[in-house]
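Data block below; observations after.
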Amino acid sequence: MRIAVLVKVALDPNLMKVEASGDVSVRQTSMAVAEYDRNAVQVALELRDKLGGGQVVALSASTWGMSTERRKDYEGALREVLAMGADEAHAIMDDSLSGLPLETAGALAALAKSLGGFDIYVTGEGSSDMVSSQVAPMLATILGIPAVTYVKRIDTSGSPGPLKLTRDLEDRLETVGASPPLVMSVTGESSQPKLPTLMQIRRAFSKPLKYHSLPEVGASPLGVRRVAVRALVQKRKNIYIDGSKPDEAASKLLSALAEEGVIRI
């Protein structure tokens, strides 16, 4: 069983640098493995073990047009994934990649094909910087295989038959059967990523980490560029409720929440 796990080296939203103009300073913001992609890595590792072995390969593509100047960030993040237990890692490094979902999906599909293809592709439900949740279904479409999104639980007891995948939808849980090849995106509740041990970290430096260019894998950029990235400004209502009289304060709070449409009374 060959399992690919898609890993994005994303801007760290907890350390976002914002200019006075409201533009995000992409070049001053730290980069790290996207949070949901850590879940994806753990799911891929557990699948490998439950399905009787095989190989877990991390696939990545540079974003934000900074593959050259932030190469150390990419290497550090991918070595972390190798330390978690992935067998090898491959990354497309090209300054022309803007990180738009369709462009990223196309590049990753080309990379996967150049490596011989995979049985299962595991992704996070969305990256921590863009959260578009579009790469998984786009990748599946390009590869011509099914996609199952927002997977919360995976039941492999019926193997070698279809996997039973439980999807976490907005209003219900849905269980579907799916057989490889397929693409699945997993939620933050799908697994509990494990911290690598010191020995695993040391071994990660002996595992293959290979960089590729777009021409090498037979792909090309879409020819688009990102003009600006702006931080979302939240304006507070600044509603003050005097708490000296609890009953009166509770009544005012309920009225305020009802007025905002948060509750119905």
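Nothing in this text is a laboratory measurement; each read-out follows from the coordinates by a stated rule. Everything numeric here is computed off the predicted structure, so don't read it as measured data. Every residue, glycine among them, receives a Cβ derived from its backbone with ideal geometry; neighbour counts consider all protein chains shown.
In table form, for the structure just shown:
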read-out: Listed residue pairs exceeding 19 Å between alpha carbons, taken from 50/207; 113/194; 113/210; 50/164; 72/207; value: 50/207; 113/194
read-out: Equivalent ellipsoid semi-axes, the chain, via Cα gyration tensor eigenvalues times 5, rooted, Å; value: 36, 26, 18
read-out: Angle in degrees between helix 101-114 and the longest Cα principal axis of the chain, rounded to the nearest 10; value: 20
read-out: Relative compactness, region 108-242, computed as alpha-carbon Rg over 2.2 N^0.38 Å; value: 1.39
read-out: Amide H within-cut-off set for residue 18, under 5 Å, with H built and near neighbours excluded; value: 25
read-out: For region 64-107, alpha-carbon Rg over 2.2 N^0.38 Å; value: 1.24
read-out: Cα-centred dipole magnitude for the chain, charges only on beta-carbon of K, R (+1) and D, E (-1), debye, nearest 20; value: 380
read-out: From phi via Karplus (6.51, -1.76, 1.60), per-residue ³J(HN,Hα) for region 157-171 in Hz, x at Gly/Pro; value: 4, x, 4, x, x, x, 6, 9, 10, 9, 9, 9, 8, 5, 10
read-out: Phi-based couplings in Hz for region 94-99 (Karplus 6.51, -1.76, 1.60; Gly and Pro marked x); value: 8, 5, 7, 7, 8, x
read-out: Nonlocal amide H pairs with residue 229, under 5 Å, H built at 1.01 Å; value: 24
read-out: Nonlocal amide H pairs with residue 163, under 5 Å, H built at 1.01 Å; value: 178, 179
read-out: Span from the region 53-105 Cα centroid across to the region 208-253 one, whole angstrom; value: 22
read-out: Calculated [θ] (222 nm, deg cm²/dmol) that DSSP helices of n ≥ 4 give over the chain, each run adding -39,500 (n - 2.57); value: -9000 deg cm²/dmol
read-out: Counted charge near residue 2, where neighbours are those whose Cβ lies closer than 12 Å (Asp, Glu -1; Lys, Arg +1); value: -2
read-out: For region 1-131, diffusion coefficient by Stokes-Einstein and Kirkwood Rh (Cα), 4 °C, 1.567 mPa s, µm²/s; value: 86
read-out: Per residue Cα convex hull volume in Å³ - calculated over region 172-249; value: 382
read-out: Using θ = phi - 60° and Karplus 6.51 cos²θ - 1.76 cosθ + 1.60, couplings along region 133-141 (whole Hz; Gly, Pro as x); value: 6, 9, 5, 4, x, 5, 4, 4, 4
